[in-house]
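Here is the structure we will look at, set down as structure tokens.
The values are calculated or read from the model by the stated rules, or taken from the named source; none is laboratory data. Because the structure is a prediction, the values reported are computed rather than measured. Cβ: placed from backbone, ideal geometry, glycine included. Neighbour counts: every protein chain shown.
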Amino acid sequence: MNDDKIIFHAGSVGEIIEELEKIKPGLEGRINATPENVDSGLAKLVLTLIELIRKLMEKQAMRRIEGDTLTDDQIENLGETLMKLENKMEELKKIFNLTDKDLNLNLGPLGDLM
């Protein structure tokens, strides 16, 4: 007897539909890349990741500023860098016709990405 088997019970059609309805909102925000829109889909994915990292960097910068671990010059350089990154993100969103809403993916039960 093999104890490594996974037994799967799909349930009734009604139960399956109910489960699909629960995850439906998460499917609407997903990236849907096709041969016709692969550039836009890839840009959306990359810019979403960059936006997430940018927001994490901003939060870390604020922690460091509030913790007095940076010099005035470091704070100025950090602020300038984050402003340039934000400006570049706005420029790229315009090029690929994307909005902030487009970059905010729904992760289902985990909520929105940003």
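From the list GLY67, GLY108, pick out the single residue that is small (Gly, Ala, Ser) and surrounded by 10 or more Cβ atoms within 10 Å (Cβ to Cβ).
GLY108
Of all residues in region 37-70 being among the small types (Gly, Ala, Ser) and under 24 Å from ASP112 (Cβ atoms), which is modelled with the lowest pLDDT?
Selected residue: SER40.
Quick check on region 79-88. Is at least one of its residues out of contact with any Phe, Trp or Tyr (no Cβ under 7 Å at 6 or more places or on another chain), farther than 25 Å from SER40 by Cβ, of a type in the set (A, V, I, L, M) and touching a residue at least 12 places away in the same chain (Cβ under 8 Å)? So that I can check it myself, show each step before the final result.
Step one: filter region 79-88 for residues out of contact with any Phe, Trp or Tyr (no Cβ under 7 Å at 6 or more places or on another chain), giving 79-88.
From the residues that got through so far, the ones that are farther than 25 Å from SER40 by Cβ too are 79-83.
This time we only want the ones that are of a type in the set (A, V, I, L, M), so: 82-83.
Applying the additional criterion that residues be touching a residue at least 12 places away in the same chain (Cβ under 8 Å) yields 82.
Yes: one or more hits.
Could you tell me which of the residues ASP112, ASP73, ASP102 is at pLDDT 90 or above and charged (D, E, K, R)?
Going through ASP112, ASP73, ASP102 in turn, just one is at pLDDT 90 or above and charged (D, E, K, R): ASP73.
Cβ-Cβ distance below 9 Å, separation of 6 or more or different chains: which pairs start in region 38-60 with a residue that is within 24 Å of MET83 (Cβ to Cβ) and end on one that is of a type in the set (Phe, Trp, Tyr) and not in a helix (DSSP H, G or I)?
Correct list of pairs: ALA43/PHE96; LYS44/PHE96; LEU47/PHE96.
Would you pick out the residues in region 76-98 that are under 14 Å from LYS55 (Cα atoms), of a type in the set (A, V, I, L, M, F, W, C) and surrounded by 12 or more Cβ atoms within 10 Å (Cβ to Cβ)?
Once the filter is applied, which keeps residues that are under 14 Å from LYS55 (Cα atoms), of a type in the set (A, V, I, L, M, F, W, C) and surrounded by 12 or more Cβ atoms within 10 Å (Cβ to Cβ), region 76-98 yields LEU78, LEU82, LEU85, MET89.
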